[in-house]
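Data block below; observations after.
The values are calculated or read from the model by the stated rules, or taken from the named source; none is laboratory data. Given the structure is predicted, the values throughout are model-derived calculations rather than measurements. Note: ideal-geometry Cβ built from the backbone for every residue, glycine included; neighbour counts use all protein chains shown. Side chains included, ligands, DNA and RNA excluded: accessible areas come from the protein's heavy atoms. Shrake-Rupley method; radii C 1.70, N 1.55, O 1.52, S 1.80 Å.
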Amino acid sequence: MMTNEDQFQLATYKKMPIAAERGEGVWLYASNGDKYLDLYGGHAVAGTGHCHPHVVEAIREQAGELLFYSNLVYSGARARAAEKLVSIAPGALTKTFFCNSGTEANENAMRMARMATRREKIITFTGGFHGRTADAISATFLGKYREIGKPNVPGHLEAEFGNIESVRELADETVAAIMLEPIQSMAGVRMAEADFHRSLRTLCDERGIVLIYDEVQTGVGRTGEWFFAGSEAGGGVVPDIVTLAKALGSGVPVGACLVTDPIASHIKENDLGTTFGGGMLAMAAVTATLEAIENDRMLSNVKRVEAYLRRRLAEVEQVVAVHGLGFLLGIEFADKAEPIHRRLLDRKIITGTSSNPKVLRLLPPLCLREEHIDIFISATDER
Ligand SMILES: Cc1ncc(COP(=O)(O)O)c(C=O)c1O
């Protein structure tokens, strides 16, 4: 199986030697019978855990009724998903636009900001990752990504994350939007002070700039809150647009933009579109995902288990710092994280690396429990 995949698929990812067959909660089962503790959640996608029964049932049921029809017709599945998503969002975010991925959500968010302001430039931050399509990769000032996306879309400006002065210098009357990952995941799980978020909000209000939070990773419960937007860690700041993807459909591809009324007022028929966005199967997955998180009280679980993990990590000698929030955590080691990542994989635990060589990333399902942390700590602390 692995040989065939290597032969017939482009080698764009460095794969782990696992042939995934089945998943249940925090566990991933390989075709050779091995069982892995998944602390990476398939790239932060398995928020509800693998194959959450409520999500699987909803997808099965929807598949038997109607797989897809486009936005040219109304649909109960779409109405339910949009209403549910708006109901958990901070008050000012009142409308949704559905698409299929994180990069597409960010492209549409930037487009909406340009339409709303009639300006073109976008400020993003060193270390932020926003996707691989033309505009999103041009907004990505991290490692080699922008280079891969050449020729870049013009009008993208780079500011320093956490440094409001660097933003102020760039934020003139030609800037449509400031977009950020409120927790920079790939850069090694970097956070800014709550004050930075408050200052960004004030700056955007003063200068008529749209504030966009790319919550493709931080959204849908990952931080122990539904969204980083409106949270205490972000100083209660609510941006004008929030973008979502990854965990939103528990694995069924779906992306979304949540926007305020003032932004929505600038968007007219045909301004945005996508064939598959808002399709019934994805919409059923969205509603069931949000319900599963609510029914199983996963947000409070994230907070409790994060606190336990931090306590246990304090016992591990090689750990020098723990970055991030909830279940988006970067464990910084005194030395390179890659050998630890490999050793954990040998012990059947999946974790992630980051662009900071000393930081190991955890993006586990929101249903992870203390007993799983114990397994992780004893494998990490082996000397
Ligand atoms: C913060 C962030 N934004 C955008 C994206 C792009 O999402 P997608 O791969 O669904 O296009 C990612 C993907 O890793 C991400 O982490």
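Please work out whether the stretch 10-82 counts as rounded, prolate or oblate from its C-alpha gyration tensor, where a ≥ b ≥ c are the square roots of the eigenvalues and a/c under 1.5 means rounded, while otherwise a/b larger than b/c means prolate and anything else oblate?
Values: a/c = 2.56, a/b = 1.97, b/c = 1.30.
It comes out prolate by the Cα gyration axes.
Could you sort 320, 286, 73 by their accessible area in this structure, using a 1.4 Å probe and putting the largest first? Before the final figure, lay out each step's value.
Details: 320 90, 286 0, 73 55 Å².
Descending accessible area places them as 320, 73, 286.
Please label the shape of the stretch 242-383 as rounded, prolate or oblate, based on the square roots a ≥ b ≥ c of the eigenvalues of the alpha-carbon gyration tensor (a/c under 1.5 means rounded; beyond that, a/b larger than b/c means prolate, else oblate). Numbers along the way, then the final one.
On the way: a/c = 2.48, a/b = 2.10, b/c = 1.18.
Prolate is the answer for the stretch 242-383, as a/c is 1.5 or above and a/b outweighs b/c.
Starting from the Cα-Cα distance between residue 66 and residue 35, subtract it from 0.36 nm times their residue separation and give me the gain in nm to one decimal.
On the way: separation 31, 0.36 × 31 = 11.16 nm, distance 3.45 nm.
Full-extension gain reported as 7.7 nm.
Sticking to Cα atoms, compute the Rg of the chain to one decimal and its Dmax as the biggest Cα-Cα distance, whole number, in Å.
Every Cα atom of the chain included, Rg and Dmax give 20.4, 61 Å.
For the chain, what % of the accessible area comes from carbon and sulfur atoms, probe 1.4 Å? Could you put the intermediate results ahead of the total?
On the way: 8890 of 17250 Å².
Of the solvent-accessible surface of the chain, carbon and sulfur hold 52 percent.
Return the long-range amide H neighbours of residue 101 (sequence gap of 5 or more, or a different chain), with a cut-off of under 5 Å between placed amide H atoms.
Here the answer is 255, since their amide H atoms fall under 5 Å of that of residue 101.
Along the charge dipole of the chain, pointing to its positive end and built from +1/-1 on Cβ of Lys, Arg, Asp and Glu, which listed residue (112, 52, 74) has its Cα farthest out?
Working it through, the farthest residue towards the positive pole turns out to be 52.
Could you provide, to the nearest whole Å², the per residue accessible area of the stretch 92-164 with probe 1.4 Å? Walk me through the intermediate numbers first.
On the way: 3100 Å² over 73 residues.
Normalised by residue count, the accessible surface of the stretch 92-164 is 43 Å².
Once the whole set of protein chains is in place, how much accessible area is left on residue 21, using a 1.4 Å probe, in Å² to the nearest 10?
Surface accessible to solvent at residue 21 totals approximately 130 Å².
Could you rank 358, 336 by how accessible they are, 1.4 Å probe, largest area first? Could the numbers behind the result be given before it?
Details: 358 80, 336 125 Å².
Accessible-area ranking of 358, 336, largest first: 336, 358.
Looking at the chain as a GNM with Cα springs under 10 Å, which of 75, 31, 138 has the largest mean-square fluctuation?
31
Debye calculation, C-alpha points only, no solvent: report log10 I(q)/I(0) for the stretch 144-205 at q = 0.16, 0.18, 0.20 Å⁻¹, in the same order as the q values.
-0.61, -0.76, -0.91
Order the following by accessible area, largest value first: 60, 310, 198, 222. Probe radius 1.4 Å; ligands, DNA and RNA are ignored.
Details: 60 160, 310 80, 198 110, 222 5 Å².
My answer, sorted largest first, is 60, 198, 310, 222.
From the helices alone, meaning DSSP H stretches of at least four residues, give me the mean residue ellipticity at 222 nm for the chain, per-run term -39500 (n - 2.57), in deg cm²/dmol to the nearest 500.
Working: 14 runs with 139 residues, N = 383.
Computed mean residue ellipticity for the chain: -10500 deg cm²/dmol.
Would you mind classifying the stretch 94-245 by shape? Square roots of the alpha carbon gyration tensor eigenvalues, ordered a ≥ b ≥ c; an a/c under 1.5 is rounded, otherwise it is prolate if a/b is larger than b/c and oblate if not. Let's see the in-between values first.
Values: a/c = 1.23, a/b = 1.09, b/c = 1.13.
Rounded, since a/c falls under 1.5.
Report, in debye and to the nearest 20, how large the dipole of the chain comes out about its Cα centre when Lys and Arg carry +1 and Asp and Glu carry -1 on their Cβ. Display every interim value, and only then the final one.
Working: 41 positive and 49 negative charges, 74 e Å.
Result for the chain is approximately 360 debye, rounded to the nearest 20.
Kindly count the pairs of lysines across the stretch 54-295 whose alpha carbons are less than 21 Å apart, treating pairs on different chains or eight or more residues apart as eligible. All intermediate terms of the calculation are to be shown ahead of the outcome.
On the way: 84/95; 84/246; 95/246; 95/268; 121/150.
So the count works out to 5.
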